[in-house]
1. Normalised by the residues of the chain, what does the relative contact order come to in percent, with Cα pairs under 8 Å and at least six apart?
2. Between residue 28 and residue 16, 0.36 nm times their residue separation minus their Cα-Cα distance comes to what?
3. What does the helix-only formula give at 222 nm for the chain: each DSSP H stretch with n ≥ 4 adding -39500 (n - 2.57), the total divided by the residues, and the result rounded to the nearest 500 deg cm²/dmol?
4. With the Cα gyration tensor of the chain giving a ≥ b ≥ c as the square roots of its eigenvalues, does the rule (a/c under 1.5 for rounded; else a/b larger than b/c for prolate; else oblate) give rounded, prolate or oblate?
5. How large is ³J(HN,Hα), in whole Hz, for each residue of the range 25-40 in order, when computed from phi with the Karplus curve 6.51 cos²θ - 1.76 cosθ + 1.60 and θ = phi - 60°, using x for Gly and Pro?
6. Give, as a single signed number, the net charge of other residues whose beta carbon lies under 11 Å from the beta carbon of residue 37, with Lys and Arg counted +1 and Asp and Glu -1.
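Rule-based calculations on the coordinates, nothing more; no lab input. Nothing here was measured: the structure is a model prediction, and the numbers come from that model. In this analysis, Cβ positions are derived from the backbone assuming ideal geometry, glycine residues included, and neighbour counts consider all displayed protein chains.
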Amino acid sequence: MQAARGRLSIALERLVRALLMQMLYAARSERLLMEQLDYNPLLRWFAGLNLDEPV
């Protein structure tokens, strides 16, 4: 889905799951969480991302 200004929107379920993982894994920033999502397949699965899908 695309927002009115052209930016792709993030599904609310994925966003909530990612923020929950950020709290549980004590990631200090969203950038660190994104790095963890890049290499940890379990976190990608929990967030609802495929292995080949960009974070």
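1. The value is 25 percent.
2. 2.7 nm
3. Taken over the chain, the calculation gives -16000 deg cm²/dmol.
4. Note, shape of the chain comes out prolate.
5. 9, 6, 6, 6, 8, 5, 5, 5, 5, 5, 5, 5, 5, 5, 10, 10
6. Summing Lys/Arg as +1 and Asp/Glu as -1 gives 0.
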